[in-house]
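The values are calculated or read from the model by the stated rules, or taken from the named source; none is laboratory data. Being a predicted model, the structure only gives us computed values, none of them experimental. Neighbour counts run over all protein chains shown; Cβ positions are idealised from the backbone, glycine included.
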Amino acid sequence: MDNLEIEIFDAASHDLDEFTTKEEVQRIVDNFDPAVLEPPATIDHVFTGDAHGWAFALRRRGTKLLARFRQVSEELKTKIRMGRVKTRSVVLYRDFKGKGPALQSVGFLGAAIPECKGLAPIPSFSEAQGGGVVLFAEGMPPVKELSEEKDKMETIALSEHTQIVTRLQAEKTTELAEKDKAISEKDGQIVSLSEQVKTLEQEKADRVKVERETKAVARFEELKKAGKALETEKEFLLAELGQDDGEAADRVFKFFSDRPAVVDLSLHKMKEDGSSGEGETDPLQKELIACAEARVAKPKA
């Protein structure tokens, strides 16, 4: 295809309102200067990345514009050889640097429909040599070899596609495994923190219980010392003074603190340790002691 002359435009085969005469085509030829702008060959008018060749010469034949190309890419050659690119489409400047119309680029088209229809096919390597037929390029292999090359290229493309799919699936599997691992680690951290919270809560509950029990014992001893409680009331009062409800415990303590003394401590002590009874209180004192002990000893309903 290098140095191969190809029809790229026909002023008589499109429906636009400009570039419809051979004179306009001649102006494009006259304004062509590869030293200023060497129009690139593209595939489907993609203007990014590498060019697929360069137009280095133009000429007019009737209403048609023909171009010669050099440094044509192997990709473009292969697509033309396999019949995947057949038509052409040009991009034209209406007024390039004030000189009038000029060629900007030439697009080799695949599935896209060109504006100019009926351009001569790109000379094919499969035509017989001679009779004015131009070969596609030097060293062009025969048709059989080209068919084998096409099959080989399609096999390579399929293999590459399979490799890409396999790689993406492996990456996805690895990504999912990493996410599962991270979630598992988070779950483990949550369980560990939950256990620590439970331990701290239990330690706090045990500490509060000990504090309540210690306070209850101190309060009972205070009541007992003041003659407001009997030893026989100890179990009951420790339970009431050490209960979870602090306000209720305070009310019990206040009730017993405010009631009259139920026993003369010195006389009650003599009674308990078997003393002679000298100095015993009057009968009313004895009656109070008996009533208090009977009330405490009475079973609950």
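Data table
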| read-out | value |
| --- | --- |
| Those residues of the range 221-237 which are surrounded by 16 or more Cβ atoms within 10 Å (Cβ to Cβ) and not in a loop (DSSP other than H, G, I, E, B), in sequence order | L223, K224, E233, K234, L237 |
| Any pair with Cβ under 8 angstrom, 6 or more apart, that starts in the range 80-103 at a residue that is within 21 Å of D30 (Cβ to Cβ) and ends at one that is in a strand (DSSP E or B) and hydroxyl-bearing (S, T, Y) | V90/S105; V91/S105; P101/Y93; A102/Y93; L103/Y93 |
| Condition met for A218 (at pLDDT 90 or above, within 47 Å of the chain's Cα centre (by Cα) and either among the small types (G, A, S) or surrounded by 15 or more Cβ atoms within 10 Å (Cβ to Cβ) (or both)) | no |
| Filter result (exposed (fewer than 12 other Cβ atoms within 10 Å of the Cβ) and either among the acidic types (D, E) or farther than 14 Å from F220 by Cα (or both)) within the range 249-258 | D258 |
| Selected residue (criterion: modelled with the highest pLDDT) from residues of the range 18-28 that are surrounded by fewer than 17 Cβ atoms within 10 Å (Cβ to Cβ) and either of a type in the set (A, V, I, L, M, F, W, C) or part of a loop (DSSP other than H, G, I, E, B) (or both) | T21 |
| Residues located in the range 76-104, provided they are among the hydrophobic types (A, V, I, L, M, F, W, C) and out of contact with any helix residue (DSSP H, G or I) (no Cβ under 8 Å at 6 or more places or on another chain) | L76, I80, V90, V91, F96 |
| Search result, residues across the range 1-33 that are in contact with a Phe, Trp or Tyr (Cβ under 6 Å, 6 or more places away or on another chain) and among the acidic types (D, E) | none |
| Flag for R68 being of a type in the set (D, E, K, R), touching a Lys or Arg at 6+ places or on another chain (Cβ under 9 Å) and surrounded by 13 or more Cβ atoms within 10 Å (Cβ to Cβ) | yes |
| Odd one out for P34, checked against (1) assigned to a loop (DSSP other than H, G, I, E, B); (2) within 52 Å of the chain's Cα centre (by Cα); (3) closer than 24 Å to I113 by Cα | (3) |
| The range 41-59, subset buried (at least 16 other Cβ atoms within 10 Å of the Cβ) and closer than 19 Å to R94 by Cβ, residue nearest to the chain's Cα centre (by Cα) | A55 |
| Given (1) surrounded by 12 or more Cβ atoms within 10 Å (Cβ to Cβ); (2) part of a helix (DSSP H, G or I); (3) not charged (D, E, K, R), number of the condition A261 does not satisfy | (2) |
